[in-house]
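See structure below.
The values are calculated or read from the model by the stated rules, or taken from the named source; none is laboratory data. These numbers were taken from a predicted model, which means no experiment stands behind them. Here the Cβ positions follow ideal geometry from the backbone for every residue, glycine too, while neighbour counts run over all protein chains shown. With ligands, DNA and RNA removed, areas are computed over all heavy atoms of the protein, side chains included. Shrake-Rupley method; radii C 1.70, N 1.55, O 1.52, S 1.80 Å.
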Amino acid sequence: MIRTPFIAGNWKMFKTKAEAAAFAEEFKGLYQGTDVKAAICAPFTDLDTLVEAFRGTGIGVGAQNVHFEPSGAYTGEVSVGMLEEIGVDYCIVGHSERRQYFAETDETVNLKLKALLAGPIQPIMCVGESLEQRDAGELFDVVRRQLTDGLAGIPEADIRRVVIAYEPIWAIGTGRTATPEQAEEMCAFIRQVLIELYGEDAADEVILQYGGSVKPANATEIMNMDEIDGALVGGASLKPADLMAIIDF
Ligand code: 13P
């Protein structure tokens, strides 16, 4: 199975609409003719700007969060239907920053995945251990639980549309990248858990990304790993040239 490499930027809470439009203008020109898939996951307020700017370019647009209910009294939240209407292609679910600061749990991750998978938007599901969990030797137990609880009840037909991003918390925004071997070891483990849950054929199709201090200087060695099909890029996705250098790994 040849999986198409997929590099997604996660802007987090950066860039106004005007800044997003300027980024898109520059990035569109750089991306032309590339066969690696690319997407930008942006703040809600930038999504319509990016969908318009990237129309016809093959560059995808993603949200960074969604609520699992279709509508209701949930102040500050945005529904799957609202994202579908704007025309976004992807939505990050369960990012460690949302787990840490906004009470995201494996249970809400599961509800969000199911809500997204009922429609066309592809989820990017984040998993990953903290430094304490790694040092205590719990890293595989933690990621196995995030996968089994997060994916509970999601059928084989849908798992192929879920992108899974392994983001060790200790490597996010710290400049401390996991070694390619550490990233590969966990991605191989994730693939193994997917085989147990869904069988070889379906597991083989799932795109696995690594995230955590990915930059132009380390993209090649990370992307050359067998089980790593892509990257979820934070800081380095804010500059068109840096993101493009990663895509050109
Ligand atoms: P950095 O690339 O800034 O470490 O962020 C990684 C991340 O959290 C992407 O979702």
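Residues checked against (1) more than 13 Å from A8 (Cα to Cα); (2) within 15 Å of the chain's Cα centre (by Cα); (3) not in a helix (DSSP H, G or I):
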| site | (1), (2), (3) |
| --- | --- |
| M186 | yes, no, no |
| F189 | yes, no, no |
| L194 | yes, no, no |
| Q209 | no, yes, yes |
| N218 | yes, no, no |
| E221 | yes, no, no |
| D226 | yes, no, yes |
| L232 | no, yes, yes |
| F249 | yes, no, yes |
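Take region 70-103 and flag every residue that is in contact (Cβ under 8 Å) with a residue 24 or more places away in the chain, within 23 Å of D149 (Cβ to Cβ) and of a type in the set (D, E).
E97 - this is the single residue of region 70-103 that is in contact (Cβ under 8 Å) with a residue 24 or more places away in the chain, within 23 Å of D149 (Cβ to Cβ) and of a type in the set (D, E).
Quick check: anything in region 197-220 of a type in the set (D, E), closer than 22 Å to A38 by Cα, within 16 Å of the ligand (Cβ to nearest atom) and in contact (Cβ under 8 Å) with a residue 60 or more places away in the chain?
No: region 197-220 contains no residue that is of a type in the set (D, E), closer than 22 Å to A38 by Cα, within 16 Å of the ligand (Cβ to nearest atom) and in contact (Cβ under 8 Å) with a residue 60 or more places away in the chain.
Go through region 173-199 and give me each residue that's more than 29 Å from P120 (Cα to Cα) and either of a type in the set (V, I, T) or open to solvent by 10 Å² or more (accessible area, probe 1.4 Å) (or both).
Passing the criteria: G173, T174, G175, R176, T177, T179, P180, E181, Q182, E184, E185.
Evaluate region 129-139: report whether one residue or more is in contact (Cβ under 8 Å) with a residue 24 or more places away in the chain, open to solvent by less than 60 Å² (accessible area, probe 1.4 Å) and not in a helix (DSSP H, G or I).
Within region 129-139 (the criterion being in contact (Cβ under 8 Å) with a residue 24 or more places away in the chain, open to solvent by less than 60 Å² (accessible area, probe 1.4 Å) and not in a helix (DSSP H, G or I)), the answer is yes, since at least one residue qualifies.
Mind listing whichever residues of region 109-155 are farther than 28 Å from I86 by Cα and of a type in the set (D, E, K, R)?
Result: E129, E132, R134, D135, E138, D141, R144, R145, D149.
Considering (1) within 25 Å of A115 (Cα to Cα); (2) more than 16 Å from the ligand (Cβ to nearest atom); (3) among the charged types (D, E, K, R), say which one E184 fails and leave the rest.
In the conditions (1) within 25 Å of A115 (Cα to Cα); (2) more than 16 Å from the ligand (Cβ to nearest atom); (3) among the charged types (D, E, K, R), E184 misses (1) alone.
The rows are residues; the columns are (1) hydroxyl-bearing (S, T, Y); (2) open to solvent by less than 10 Å² (accessible area, probe 1.4 Å); (3) in a loop (DSSP other than H, G, I, E, B).
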| residue | (1), (2), (3) |
| --- | --- |
| A53 | no, no, no |
| T57 | yes, no, yes |
| G72 | no, no, yes |
| G76 | no, no, yes |
| M82 | no, no, no |
| C91 | no, yes, no |
| R99 | no, no, no |
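Of all residues in region 169-181, count the ones that are more than 10 Å from the ligand (Cβ to nearest atom) and either assigned to a loop (DSSP other than H, G, I, E, B) or out of contact with any helix residue (DSSP H, G or I) (no Cβ under 9 Å at 6 or more places or on another chain) (or both).
Of the residues in that region, 3 qualify.
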